[in-house]
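Before any comments, here is the structure.
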Amino acid sequence: MLERTRSKKRTEITFVLPAGHPAGEVSVVGDFNDWRPGAHPMIERPDGSRAVTVTFPVDQQHGFRYLADGGHWLDEEGADGHDGRNCLLHT
């Protein structure tokens with residue numbers, strides 16, 4: 001799930017995964033962090049879900065995916081689109 005907070009110059013996107021899915025560590029990787037695993041690790045919240053917030057300039061498009069332990073890639077069902085390989089996010 002993607003949670004958005006917009007202002008005139010920036011958009012904060014909180015990437016959220018449900019509790020326990022997938023097991024192990026997960027990070028959000030994308031063109032905004034040079035696809036570096038661990039650059040934006042997802043942190044467990046009190047309800048058991050995991051999340052990380054990233055701030056973007058407005059009116060941009062970014063490709064991203066989730067990377068879980070063991071090199072498993074996951075897509076975001078709530079993404080703004082998909083380019084055949086990556087999820088797309090519009091800020």
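The numbers here are math on the coordinates, done by the rules we state, and not lab data. Owing to the predicted nature of the structure, the values given are computational and were not obtained by experimental measurement. Reconstructed Cβ throughout: ideal geometry from the backbone, glycine too, with neighbour counts over all protein chains shown.
Of interest is the spacing of the C-alpha centroids, which for region 68-89 and region 12-57 amounts to 12 Å.
So how strong a dipole does the chain carry about its Cα centre when Lys and Arg Cβ are +1 and Asp and Glu Cβ are -1, to the nearest 20 debye? Show your work: numbers first, answer last.
Details: 10 positive and 14 negative charges, 74 e Å.
Roughly 360 debye, rounded to the nearest 20.
Percentage of Cα-Cα pair distances in the chain greater than 16 Å, rounded to whole percent?
Working: 2083 of 4095 pairs.
The share of Cα pairs beyond 16 Å in the chain comes to 51 percent.
3J(HN,Hα) along region 33-41: 10, 6, 6, 8, x, x, 5, 10, x Hz, from the Karplus curve 6.51 cos²θ - 1.76 cosθ + 1.60 with θ = phi - 60°, whole Hz, x for Gly and Pro.
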